[in-house]
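Engineer: Structure provided below as C-alpha cells; questions to follow.
The values are calculated or read from the model by the stated rules, or taken from the named source; none is laboratory data. From a predicted model like this one, the values you see are computed outputs, not experimental measurements. Backbone-built Cβ (ideal geometry, glycine too); neighbour counts: all protein chains shown. We work out accessible area using only protein heavy atoms, side chains counted, and drop any ligands, DNA or RNA first. Shrake-Rupley method; radii C 1.70, N 1.55, O 1.52, S 1.80 Å.
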Amino acid sequence: MLRKILLTAALYLSSVVLMALQKPLFLAWYSSRAAEASASELWGVLANGLLLDSTVAAYVTALPWLVMLLAVWVPISEQVMSRLLKGYFAVMAILLSLLVAVDMGLFRHWDFRLDSTILPYLATPKEAAASLTWGDVWPTTLLFVIYAALLYAAWCPITKIYRRVKQSLNARIGSTLALLLTGGLLFLAIRGGVDTAPANVSKVYFSDNMFLNQAATNPIFSFLSSAARSELKADDYRYFSVEECAEIFSTLSTDAPAQTEQLLKTDRPNVVLIMLESLGRTVLDETIDGKAVAPNLQRIKSEGLWFENMFANSYRTDRGTVAVMSGYPAHPVVSVMKYPKKAHTLPSIARSLRSAGYATSFMYGGDANFTNTISYLYGTGVERITDKAQMHFDAPTNEWGYADDVVCPYFADEVLRLSAEEKPFFATLLTLSSHEPFDVPYEAFENKILNSVAYTDHCVGAMIDRWRESPAWDDMLIILIADHGMPYPERLTTGSLERQRIPMIWTGGALKGGPQVVDTFCSQADLEATLLSQMGLSDSDNIFSRDIFNPAIPHHAFWSYNNAFGVIDADGYVVYDCTRDAVIASEGQSEELARRGKAILQTLHQDIRSR
C-alpha cells in the first residue's frame, strides 16, 4: 500500500516542479519584456502560477493513480507495470512538451498563451506553416526535444517504486481506502482548492501588467480548458444573411449627432460604481406590513437620477459585470469572461477613464477569481483589484467571503483616500451579502432574501451618507446598479420580464439639478456609452451600448439566458426560446421585436467569435 501511495505522490510532486520550470523558462525566453519587472513581480509569476501547475500535475497523476488502485485487486507484475507507466510517461512527455513548445513560439506573434484558437489552423497545416520562419521553428523544436526528454527522464525512475505484494483481504480494503483518500486530494488539486471558484486562468492573475499574468499562466491548462468549450460554433444564431442582419442592426442605431443633455457639473467627476449583488426591482420595491425592505436606496432614489426602465442583460454576475463595465450584452450560453483573449479586447469604462488620466480600482469581499473576473478586470483597464485574499478583517466569512458590513466601510475609506489625491478616480465595488444562501448578521425580516437585501441596503446607505458628509461629495458621481435580479417572489423564472428589471440610481454632488426620473427603456450595457458621453469621451468602438440621454437613438433593452433572449421597448416586449425557435411570452409588436432580437444576437455571437 505504502509504495503505491509513494509512487502517486512522487509523480505528482515531480510534475508540479516540472510544470513550474516553465515559468523561468518563459521569462528567459522573453527576457526583454521580463526585464521591466521587479524581483518581487518575477517571484509573483512563479508563486501565483503554482496553482495551475498543481492542477496540471494532478491531471498527469490521475491515470497512474487509477492503475495503482486497480493493482490492489488485480495482480500486475513489476515488469508489466513498468512498461505501462513508461509508455504513459512517453506519451505525456511528447504531448505536454509539444503544447509548451508551440505556446512558447506563438506567444511572440499572438501575445496570449496557447488556447483553442490554434485548432482551426490544424485543418490547414500547410497554410499555417507558410507564415513561419526557420527562426521560429528551430528554437521551439529544440525546446520540444529537451523538455520532452526532461519529463521522461524525471518520471521514469518513479516506476521503480512499485512492488507487487500479496495482501490479505483486510489489507486490500485498507489499501483501497488509503488510495481513495489520495485520489480525493488529487481531485482537490484538479479543482484548484476548496474555494467557491474552480481552477481557471484568472486564478493566477495578480498584476495589472498583462505580460506577468500571461507568464504565470500554465499553457497546458489554458489550452485544455479552452478546447473543452464548444459554445461558439460558426452556424449558431445565424438567422439572416450577413447583409440583412447588418441592415436590421443598423436600424437600432443612428448616424445623427448626439443631442445629449449634460447632467454633470464637471466632465471629470470622481466616479464610484456600486454593483448591487442580485438586487432586482422585485426586492427593492418590496414592503412588508408597510415597512420598506430597502429604505436607504428608496431615499437615495428619490434624491437623485432614477432610471425607471432599466433591465439586466443576464442572470449571472460574470455576464452582468461585463455588461455594466464594458457595455457588452450577455450571450445566451457563453460567458465572455471565460475567454480571456476575447475579454481583453472588449471596450470598457475603466480603459476609457484610465486613458483620460483616472486611477481605476475594483473591490469585492469574495473571491474575484470566480469565472476569470480578475483576468477580465486587469485586461480591460483596472489597475488595482482588492478581494478577500487581500482583506484581513477580524470578522467571520460566509461561503462567498466577507459580509457587506465590513467591506462597505473599507471601501468608503478607500474612496475618501482616493478623493484626497489630486488624480481623478474610477472605483468599483461589487457587494456580496444579498446572494444565496442569504446568511447575514442582521434581523429585519423573516424572509432570508428580503433580510439580506435589507442588510445590504443598510450597509450601502451608511456608506453613501458618510461620503455625503465629507468634502469629497462635491466631486463625486455615484452610480448604483444591480448585476442582475433574483427569484423573488419564487414564482419568477430565469429570464422573465419581472426578474430582469433592475434599479439604476445616479447620485452625488457632481450631478446638477434636482431629482429626476428617466423613463427611457435601457439595459446595463447602455451605461458605458451614457457615462462616457456625459464626460465628453468617445465610445465609438462599442456598437452595442446606447447613450440613454440621446433622444435620436431608438432605445430598447436586450437580455439573454439559457439559450433564450428578450427584448423590450416602449411598444412591447418579447421573450424568445432559441432552442425551440419559438416565442415564450410577448406583448405588443412581438414579431418585429423578435426580429430585432435575432439580429442583435447574431451580431453579438459573430462579434465574440471574431475577437
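Engineer: Go through Arg83, Arg33 for me and flag whichever is more than 26 Å from Asp208 (Cβ to Cβ), open to solvent by 20 Å² or more (accessible area, probe 1.4 Å) and not in a loop (DSSP other than H, G, I, E, B).
Structural biologist: Arg83
Engineer: Limited to the range 553-572, what total is found for residues that are modelled with pLDDT under 95 and open to solvent by less than 30 Å² (accessible area, probe 1.4 Å)?
Structural biologist: So the count comes out to 3.
Engineer: Please go through the range 386-402 and give me each residue that is in contact (Cβ under 8 Å) with a residue 60 or more places away in the chain and either in contact with a strand residue (DSSP E or B) (Cβ under 7 Å, 6 or more places away or on another chain) or under 28 Å from Gln214 (Cβ atoms) (or both), ordered by number.
Structural biologist: Trp400 - this is the single residue of the range 386-402 that is in contact (Cβ under 8 Å) with a residue 60 or more places away in the chain and either in contact with a strand residue (DSSP E or B) (Cβ under 7 Å, 6 or more places away or on another chain) or under 28 Å from Gln214 (Cβ atoms) (or both).
Engineer: What about Gln589, is it open to solvent by 30 Å² or more (accessible area, probe 1.4 Å) and either at pLDDT below 90 or touching a helix residue (DSSP H, G or I) at 6+ places or on another chain (Cβ under 9 Å) (or both)?
Structural biologist: Taking the combined requirement at face value, the residue satisfies it.
Engineer: Is there a residue in the range 355-378 that is open to solvent by 20 Å² or more (accessible area, probe 1.4 Å), assigned to a helix (DSSP H, G or I), of a type outside the set (S, T, N, Q) and out of contact with any Asp or Glu (no Cβ under 9 Å at 6 or more places or on another chain)?
Structural biologist: no
Engineer: If you don't mind, another one. Kindly provide the set of residues from the range 319-338 that are in contact with a Lys or Arg (Cβ under 8 Å, 6 or more places away or on another chain) and of a type outside the set (A, V, I, L, M), ordered by number.
Structural biologist: His331, Ser335, Lys338
Engineer: Continuing with the same structure: Of all residues in the range 573-586, which are crowded, with 17+ Cβ neighbours inside 10 Å and in contact with a Phe, Trp or Tyr (Cβ under 6 Å, 6 or more places away or on another chain)?
Structural biologist: Of everything in the range 573-586, just one residue is crowded, with 17+ Cβ neighbours inside 10 Å and in contact with a Phe, Trp or Tyr (Cβ under 6 Å, 6 or more places away or on another chain), namely Tyr576.
Engineer: Can you tell me which condition Pro332 does not meet? The list is (1) modelled with pLDDT of 95 or more; (2) open to solvent by less than 10 Å² (accessible area, probe 1.4 Å); (3) not hydroxyl-bearing (Ser, Thr, Tyr), and all the others hold.
Structural biologist: Condition (1) is where Pro332 drops out.
Engineer: Among (1) of a type in the set (Ser, Thr, Tyr); (2) touching a Leu at 6+ places or on another chain (Cβ under 7 Å); (3) surrounded by fewer than 16 Cβ atoms within 10 Å (Cβ to Cβ), which single condition is Ser241 missing?
Structural biologist: Every condition holds for Ser241 apart from (2).
Engineer: Looking at Leu21, Leu2, Leu70, can you tell me which residue is open to solvent by 50 Å² or more (accessible area, probe 1.4 Å) and either at pLDDT 95 or above or of a type in the set (Ser, Thr, Tyr) (or both)?
Structural biologist: The conditions single out Leu21.
Engineer: Residue check: is Met310 crowded, with 20+ Cβ neighbours inside 10 Å, among the aliphatic types (A, V, I, L, M) and touching a Cys at 6+ places or on another chain (Cβ under 8 Å)?
Structural biologist: In short, yes.
Engineer: Could I ask something else about it? When you scan the range 86-100, do you find a residue that is assigned to a helix (DSSP H, G or I), of a type in the set (A, V, I, L, M) and touching a Pro at 6+ places or on another chain (Cβ under 7 Å), even just one?
Structural biologist: yes
Engineer: Got a number for residues in the range 254-307 being modelled with pLDDT of 95 or more, of a type in the set (Val, Ile, Thr) and surrounded by 17 or more Cβ atoms within 10 Å (Cβ to Cβ)?
Structural biologist: 7
Engineer: Would you mind stating whether Ser97 is among the polar types (S, T, N, Q) and under 23 Å from Lys338 (Cβ atoms)?
Structural biologist: Considered against the rule, which asks whether it is among the polar types (S, T, N, Q) and under 23 Å from Lys338 (Cβ atoms), Ser97 comes out as no.
Engineer: Considering each of Ile548, Ile584 in turn, give the residue that is farther than 20 Å from Thr251 by Cα and of a type in the set (A, V, I, L, M).
Structural biologist: Only one candidate qualifies: Ile584.
Engineer: Going residue by residue through the range 199-212, is there one that turns out to be among the aliphatic types (A, V, I, L, M), over 19 Å from Tyr30 (Cβ atoms) and out of contact with any Asp or Glu (no Cβ under 7 Å at 6 or more places or on another chain)?
Structural biologist: Yes, the conditions are met somewhere in the range 199-212.
Engineer: Could I ask something else about it? Just one of Thr61, Thr8 is open to solvent by less than 70 Å² (accessible area, probe 1.4 Å), more than 18 Å from Arg164 (Cβ to Cβ) and β-branched (Val, Ile, Thr); which is it?
Structural biologist: Answer to the selection: Thr61.
Engineer: Which one of the conditions (1) part of a helix (DSSP H, G or I); (2) open to solvent by 30 Å² or more (accessible area, probe 1.4 Å) does Gly461 fail to meet, given that it meets all the rest?
Structural biologist: (2)
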